[in-house]
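Working notes for the structure below.
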């Protein structure tokens, strides 16, 4: 049973592409075949985050226009067996991909892969509509900030209006220290506001930026906390009920003492 | 000195989180209402149905809206009554 999942957020810059790349690599690590589609035509980035930018020959718009066969546009990731990228064009705009094009393309891809994951562009215009139109499930990425949560709420409404019910949320860039001192909304607060189920929490981690610099998604890094968080998310997508990660690994002695005494 | 001690133990004034939550709550009440005028239409229809059990109302001029007062949002319904029904006391 193949699945088409869209990763969306409304607001830009919250981590859709990073989440897409890491989930894709993680699913491939678990032995599944995956295609990641970059639906952000004109502002493509999934290729650089995955470190595959030098291997693009054909793209999504070529497949749609009939300039090449689907297989020719798929880039095989040599590090992760089973992982493929379908990049999009950088020089065209979102009107090059109509909703019906993406729907029929995903139907075709479902026959070839276990998972098809669509990296949705920011905003709620045509690119968003095309991306969600082809999906069967949705993941909403947000950060613990007012603007991102507001946009996530709007997107959840639009998803449900398009029969994408029960979207799951990933909260990215969580800083537990700020939550502890009351300067950041916690997971419970965010879930309470959005009213949807949690898929996972990613800590705000420098390692993610370092991974992106290198074109190596963090999910493959065994030592990092954010890598572990992504691996847990992958397990939950596969249906394993993995408990939430403790995001406070290196608490100072003083903080621990405070907790023991009962302050905070 | 007391200020120093409270800060030492992490008991400053409540953080900016509560401000964020409160602002979000208000803004979402409005966003959600604006996004789905159907919701207010459904509510309107339900209101008419319930109230009509007790009184005859002017459905044409019935007005239901969400209004914002400083830090609260209120559901304001203006429902002109034409006639009261005679409800037998049981």
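DSSP bridge analysis restricted to the stretch A:3-261 gives an antiparallel fraction near 5%, rounded to the nearest 5.
Output the 0 to 90 degree angle, nearest 10, between the alpha-carbon long axis of helix A:99-110 and the longest principal axis computed from the alpha carbons of chain A. It works out to around 80 degrees. For the options A:201, A:97, A:179, a Gaussian network treatment of chain A with springs between C-alpha atoms closer than 10 Å singles out A:179 as fluctuating the most. Rg then Dmax, both in Å and based on the Cα atoms of the stretch B:15-84: 15.6, 53.
Comparing Cα centroids, the stretch A:171-243 and the stretch A:1-72 end up 20 angstrom apart. Short to long, the 10 Å bins of the Cα pair-distance histogram for the protein assembly as shown hold 5, 21, 26, 20, 14, 9, 4, 1, 0 percent of all pairs.
Please compute the modelled spin-label separation between residue B:67 and residue A:223, points set 7 Å along Cα→Cβ, answer in nm with one decimal. Those two pseudo-labels are separated by 6.3 nm.
When chain A is treated as a GNM with alpha-carbon contacts under 10 Å, the residue of A:53, A:107, A:125 showing the greatest mean-square fluctuation is A:125.
Counted over the stretch A:29-150, the DSSP beta bridges are approximately 20% antiparallel. Build a GNM of chain A with springs between Cα atoms under 10 Å apart, and of A:232, A:172, A:54 the one that fluctuates most is A:54.
Quick note: the coordinates plus some simple rules give every number you see, no bench work behind them. Since this is a predicted model, take the numbers as computed values, not measurements. Methodologically, a virtual Cβ is constructed for each residue, glycine included, from the backbone with ideal geometry; neighbour enumeration extends over all protein chains shown.
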